[in-house]
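Reading through the structure tokens given below for one structure.
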Amino acid sequence: DTAVSQTPKYLVTQMGNDKSIKCEQNLGHDTMYWYKQDSKKFLKIMFSYNNKELIINETVPNRFSPKSPDKAHLNLHINSLELGDSAVYFCASSPHSNTEAFFGQGTRLTVV
Amino acid sequence: GENVEQHPSTLSVQEGDSAVIKCTYSDSASNYFPWYKQELGKGPQLIIDIRSNVGEKKDQRIAVTLNKTAKHFSLHITETQPEDSAVYFCAASLSGSARQLTFGSGTQLTVLP
């Protein structure tokens, strides 16, 4: 009955690899997000997406790309992983024009 | 773009005391200010929020105040309990919603028994 679920919870991979993090929400929300939380706990939005538009934070490298097979899913694909990509990635969702964002439990990505 | 500064970065209080966390924002057009609590190993969770047309909002032991002129807002927790220990984030939004939130850098609150 988890509202926003991400898989995997932990991901360890080598530099240069391509990986994906999956996110699903069962709340019927219109908008989904990806956030990156660095080692200092700083939370920064990467993408905001609904069925009408994708808003990309201009600081996000184009090695990162969101893919939404349907309204309930927003997966994060990362190509050519770098050491600096190590962080906790959070998926979140919110109803259209509503104020509360519901976060998943996070995926801790470690690039070695 | 919007910039949100949050202070202090760490805060320790005795159980039963009050805790205050302060944030300032740069864009006067921001109109929605939520506060999120993040417990260890979990995602952030909304605890209270305020819109720019309101100066203060309270929910049991938690209150938020907003000073639009000075562009700062604060979180007040009274009668703190050990379970209040967590990282607290303020945020600001230009869209009036959860879209395009800019977060502060977080405050690690520790409530000592």
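Does residue A:99 satisfy the condition of being in contact (Cβ under 8 Å) with a residue 60 or more places away in the chain and touching a Phe, Trp or Tyr at 6+ places or on another chain (Cβ under 7 Å)?
Details: in contact (Cβ under 8 Å) with a residue 60 or more places away in the chain: no; touching a Phe, Trp or Tyr at 6+ places or on another chain (Cβ under 7 Å): yes.
Criteria not met by residue A:99.
Determine whether region A:44-53 contains at least one residue that is more than 23 Å from residue B:96 (Cβ to Cβ), modelled with pLDDT of 90 or more and touching a Lys or Arg at 6+ places or on another chain (Cβ under 7 Å).
no
For region B:3-30, which positions are outside any strand (DSSP E or B) and either more than 25 Å from residue B:95 (Cβ to Cβ) or within 11 Å of chain A (Cβ to nearest Cβ) (or both)? If you could, list the steps in order and put the result at the bottom.
First, the residues of region B:3-30 that are outside any strand (DSSP E or B): B:3, B:8-9, B:15-18, B:26-30.
Listed by number, the residues that qualify are B:8, B:9, B:15, B:16, B:17, B:18.
Which of (1) exposed (fewer than 15 other Cβ atoms within 10 Å of the Cβ); (2) more than 30 Å from residue B:9 (Cα to Cα); (3) in contact (Cβ under 8 Å) with a residue 24 or more places away in the chain; (4) not hydroxyl-bearing (Ser, Thr, Tyr) is the odd one out, the single condition residue A:83 does not satisfy?
(2)
Given the options B:26, B:30, B:52, name the one that is of a type in the set (Ser, Thr, Tyr) and either modelled with pLDDT of 95 or more or under 12 Å from the mean Cα position of the chain (by Cα) (or both). Steps first, please.
Working: B:30 fails: either modelled with pLDDT of 95 or more or under 12 Å from the mean Cα position of the chain (by Cα) (or both); B:52 fails: either modelled with pLDDT of 95 or more or under 12 Å from the mean Cα position of the chain (by Cα) (or both).
So the residue among B:26, B:30, B:52 that is of a type in the set (Ser, Thr, Tyr) and either modelled with pLDDT of 95 or more or under 12 Å from the mean Cα position of the chain (by Cα) (or both) is B:26.
Go through region B:83-113 and give me each residue that's touching an Asp or Glu at 6+ places or on another chain (Cβ under 6 Å) and more than 8 Å from chain A (Cβ to nearest Cβ).
Matches in region B:83-113: B:86, B:92, B:111, B:113.
The values are calculated or read from the model by the stated rules, or taken from the named source; none is laboratory data. These numbers were taken from a predicted model, which means no experiment stands behind them. Cβ atoms come from the backbone with ideal geometry, glycine included; neighbour counts cover every protein chain shown.
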